[in-house]
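What follows is a single structure, written as structure tokens, with notes after it.
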Amino acid sequence: MKRVIAIDGPSGAGKSTVSREVAKSLGFLYLDTGALYRAVAYHFYKNFKNVDDFSLLPEEEIERELIKIKIHYENGRVYLSGEDISDLIRDPEVGAVTSKLSAKKVIRDFLLPLQRSFAEKMDIVAEGRDMTTVVFPDAWKKFYLDASVDVRARRRYEQLIKSGKKITFEEALKDVIERDRRDSSRENAPLVISKEAFYIDTSELTIQEVISLVLKKVAEDD
Ligand code: C5P
């Protein structure tokens, strides 16, 4: 395994921007594992229009479907059977389906080898919910990025408005709370703060300050 900087945290903590910039600055590959989960969820979202609650979809049915899924990830873009779906997976509806399906063991098992395979070839910055605990327990460096619920909902709201989505702050807040609950309470690979991770509360920091802090910590421990 090459060097892995593993970064976990809830949605809106700034993981994506920080991970991308840290990877760029160190010449590592940036691995957005949320995009892989979103790509799988997108397949189900598109092909199972009659399903209201994806939490209730039986694991056996999911397993039969997973055989058909071909995911490719390159340069921060994600492809499903050759189609670039990087923008489509950002839809809040796909996000909601993702957080339900990602609780399923069959889906986590399906994505585990794919995530690990990236670290066989290159040094990587991997961000998600279980990077420090399950996927890369032996990671070179571990971080946990956090922020208050209000700050994370505000960031999410502004991001969605900027990308042209119609959403109120209250809806963004509700969505963040609901996702936190699901990601932290699930049985399979829940979001937890690893004791080995360097904890950063980003509520009062700019993105640039967080990037600098992570880079400083990586350099000083070496
Ligand atoms: O990071 P992002 O918000 O794109 O992730 C979307 C969803 O994918 C999360 O809410 C979580 O349910 C799931 N996820 C996960 N494990 C990861 C990355 C994402 O369960 N390593």
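Between K216, K162, the distinction of being at pLDDT 95 or above, farther than 20 Å from V97 by Cα and loosely packed, with under 14 Cβ neighbours inside 10 Å belongs to K216 only. Restricting segment 142-159 to residues that are charged (D, E, K, R) and within 18 Å of the chain's Cα centre (by Cα), the residue that is modelled with the lowest pLDDT is R156. Restricting segment 30-54 to residues that are among the charged types (D, E, K, R) and part of a helix (DSSP H, G or I), the residue that is farthest from the ligand (Cβ to nearest atom) is K46.
Looking only at segment 99-134, filter to residues that are within 8 Å of the ligand (Cβ to nearest atom) and among the acidic types (D, E); which one of those is surrounded by the fewest Cβ atoms within 10 Å (Cβ to Cβ)? Taking the candidates together, the pick is D130. Would you confirm, using the coordinates I've provided, whether E74 is within 22 Å of A126 (Cα to Cα), of a type in the set (D, E) and at pLDDT below 95? Yes: the conditions hold for E74. Scanning segment 135-147 for residues that are more than 10 Å from the ligand (Cβ to nearest atom) and either within 21 Å of K70 (Cα to Cα) or touching a Gly at 6+ places or on another chain (Cβ under 7 Å) (or both) yields a count of 4.
Within segment 17-29, the residues that satisfy the criterion of being surrounded by fewer than 20 Cβ atoms within 10 Å (Cβ to Cβ) and within 15 Å of the ligand (Cβ to nearest atom) are T17, R20.
The values are calculated or read from the model by the stated rules, or taken from the named source; none is laboratory data. Please read all numbers here as calculations on a predicted model, not as lab measurements. Note that each Cβ is placed from the backbone with ideal geometry, even for glycine, and that neighbours are counted across all protein chains shown.
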